């Protein structure tokens, strides 16, 4: 089972189990960005939000949770600069 958890503030962690290819994670990331970026209406007002994300893979980017989170965070900041 995959897991979505709030880390704190406006940060969330998505754990995807049994990844066969890196492209699988990339597809999930794209779908997440598209879903979050879709405008939505509340009380007659249209809202738009965005998100930035970073990806880390076990065991390539680390074997400890803290390392994986740190690597994903660094990847997110690199993505924001591009």
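For residue 1, the test of being at pLDDT below 95 and over 11 Å from the mean Cα position of the chain (by Cα) is passed. The number of residues in the stretch 45-60 being within 21 Å of residue 73 (Cα to Cα) and more than 11 Å from the chain's Cα centre (by Cα) comes to 6.
Give me a count of the residues in the stretch 1-44 that are over 18 Å from residue 74 (Cβ atoms) and exposed (fewer than 12 other Cβ atoms within 10 Å of the Cβ). Summing the residues that are over 18 Å from residue 74 (Cβ atoms) and exposed (fewer than 12 other Cβ atoms within 10 Å of the Cβ) in the stretch 1-44 gives 24. Only a single item in (1) assigned to a helix (DSSP H, G or I); (2) surrounded by 13 or more Cβ atoms within 10 Å (Cβ to Cβ); (3) over 14 Å from the mean Cα position of the chain (by Cα) is not met by residue 71, and it is number (3). Scanning the stretch 45-59 for residues that are closer than 18 Å to residue 11 by Cα, surrounded by fewer than 10 Cβ atoms within 10 Å (Cβ to Cβ) and at pLDDT 95 or above turns up just one, 48.
Apart from one condition, residue 50 fits all of (1) under 20 Å from residue 80 (Cβ atoms); (2) part of a helix (DSSP H, G or I); the exception is (2).
The values are calculated or read from the model by the stated rules, or taken from the named source; none is laboratory data. Please read these numbers as outputs of a predicted model, since none were measured by experiment. Using ideal geometry, Cβ is built from the backbone for each residue, glycine included, and neighbour counts are taken over all protein chains shown.
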